[in-house]
Each structure stands twice: as structure tokens, then as C-alpha cells.
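The values are calculated or read from the model by the stated rules, or taken from the named source; none is laboratory data. Model, not experiment: these values are computed from the prediction. When we count neighbours, we look across all protein chains shown, and the Cβ atoms used for this are built from the backbone with ideal geometry, even at glycine.
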Amino acid sequence: MADKAKVWNKMADKYSRQPIANQKAYEIKLDLTREYFTPESNVLEFGCGTGSTAILHAPYVKYIDAIDVSERMIEIAQAKLAPEGIDNVDFAVADMDTFKATPGTYDVALGLNILHLLDDRMSAMSEVYKALKPGGYFVSSTACLREKWMFRLLDPLFPVMHALGQWPRVSRMTAKRLQDDIEAIGFKTVHYWQPGNGFVAFIVGQKPETS
């Protein structure tokens with residue numbers, strides 16, 4: 001956890017100041033996600049970064065547990081709560097690669113811009129599956145770098161920059177591979193969308209009502 005946190009701690013302040021790359025797509029994803037919320041929803045967001053998305057979703061749900069591996073990201077997120085008048089979001093430092101949730105705790109889990117950054121996404125998604133109630137939803141938005149030839153050309157750089165501590169570990173996959181992985185865990189795809197940039201896959205999977 002320490003090595004991963006170190007990279008993100010270093011990037012946190014710059015990350016918090018960056019504008020959203022595709023504001024229109026972001027707002028569409030916010031709206032799509034809220035279709036799976038109710039005022040009684042208990043939500044988990046992992047890889048929450050500096051907390052902006054959790055804060056925007058807070059008025060639509062009962063509560064949100066939002067976790068991130070970076071202490072600095074969580075510090076920035078926590079500082080946003082009081083000015084926004086939000087009291088139903090709990091930001092905490094945790095590594096999703098080792099996270100263990102109480103089974104059947106959440107109605108919705110959000111994994112936004114994080115699955116490609118995990119050491120073991122299958123293990124993490126298995127924990128998400130356990131943590132969800134029957135019929136619960138897993139909402140994911142993931143950079144699928146195999147969808148773009150430009151990123152394929154940069155393949156040799158990813159491990160080098162990671163070894164130098166400049167980039168996090170990045171898994172490169174196609175959107176089809178990601179969807180197959182999500183369904184292999186046991187989720188049924190109920191929504192699939194690739195915004196105009198073509199390499200981000202927004203996938204909503206539902207846990208069966210009964211095992």
C-alpha cells in the first residue's frame with residue numbers, strides 16, 4: 001500500500017486542480033449512475049480520489065463510504081465536506097486491493113477510473129460482489145487503453161515510468177475484456193456505454209437477486 005500511496009500522494013494536489021477532461025460525458029455518467037440510487041441507498045465508492053463525485057452524489061443517497069489509497073487525496077476530500085454542508089459521506093484511507101467489506105452491506109458500489117489501476121481487479125471486484133446486497137449494482141468507468149493505437153504505442157513506457165515512481169501501475173485492456181471480467185465475477189451487464197473518446201467504458205453490472 002505504501003508504494004502506491006506515495007505515487008498518488010505526490011500527484012494529489014495537482015490532480016485536485018485539474019479540470020474534468022470531458023465535462024459532458026462526466027455529467028451524463030452522473031445522471032446514469034443516479035438511476036440506480038434511491039434515498040435509502042448505502043453506497044461504496046472505491047478509488048474516490050479527492051471526493052468530488054461522492055459529494056455530488058451525496059444528496060441522492062442515504063450515505064456513502066468513500067475510500068482511496070492516498071492519504072493526501074483523502075485529506076483534500078475531507079476538507080470539502082463542511083463547506084458543501086455534506087454529512088452523509090465518510091472518507092477513509094483504504095487499499096481496494098486488500099479491502100474487505102461486510103457482505104451484503106451496500107446497494108451500489110462505484111469504481112470510477114480505478115479498475116485499470118488495481119494490482120488485482122478480479123479480486124477487488126469479487127470483494128465488491130460480496131459487499132453488495134442481492135440485486136445491487138456495480139457502476140464502473142474505466143480507461144481501456146487497448147482501445148486506442150496511441151496507447152498501444154506507449155506500452156513500453158508504462159512499466160518504466162512506474163518503476164521510476166512517476167506513474168502508478170496501469171493495466172492495459174480492451175473494453176470487451178473488461179466487460180467479460182465483470183461478468184465472470186457474476187454480474188449481469190445492465191448498461192454499457194463508451195463516450196465519444198472511444199477508450200473509456202462505462203459499465204453497470206447487477207448482482208443477481210438470488211444466488
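Worth a mention:
- Pairs, first at pLDDT 85 or above in the range 2-25, second part of a helix (DSSP H, G or I) and surrounded by fewer than 16 Cβ atoms within 10 Å (Cβ to Cβ), C-beta under 7 Å, six or more apart: Asn9/Glu71
- One residue alone among Gly136, Gly111, Gly49 is at positive phi and either assigned to a strand (DSSP E or B) or in contact with a helix residue (DSSP H, G or I) (Cβ under 9 Å, 6 or more places away or on another chain) (or both), and that residue is Gly49.
- Evaluation of His162 against (1) of a type outside the set (A, V, I, L, M, F, W, C); (2) surrounded by 14 or more Cβ atoms within 10 Å (Cβ to Cβ); (3) modelled with pLDDT of 55 or more (one fails), failing number: (3)
- Annotation: of all residues in the range 80-113 being of a type in the set (Phe, Trp, Tyr) and closer than 24 Å to Lys6 by Cα, the one that is surrounded by the most Cβ atoms within 10 Å (Cβ to Cβ) is Phe91.
- Among the residues of the range 56-81, those identified as part of a helix (DSSP H, G or I) and more than 21 Å from Tyr15 (Cα to Cα) are Ala58, Pro59, Tyr60.
- For the residues Leu132, Leu178, the requirement of being surrounded by 20 or more Cβ atoms within 10 Å (Cβ to Cβ), within 24 Å of Ala58 (Cα to Cα) and modelled with pLDDT of 90 or more singles out Leu132.
- Listed by first and then second residue, the pairs linking a residue in the range 127-140 that is touching a residue at least 40 places away in the same chain (Cβ under 8 Å) to a residue that is of a type in the set (S, T, N, Q), with Cβ atoms under 7 Å apart and 6 or more places separating them unless they lie on different chains, are Ala131/Thr105; Pro134/Thr210; Gly135/Gln206; Tyr137/Gln206; Val139/Thr33.
- Of all residues in the range 36-72, exactly one satisfies the criterion of being of a type in the set (Ser, Thr, Tyr) and touching a Leu at 6+ places or on another chain (Cβ under 8 Å), namely Thr53.
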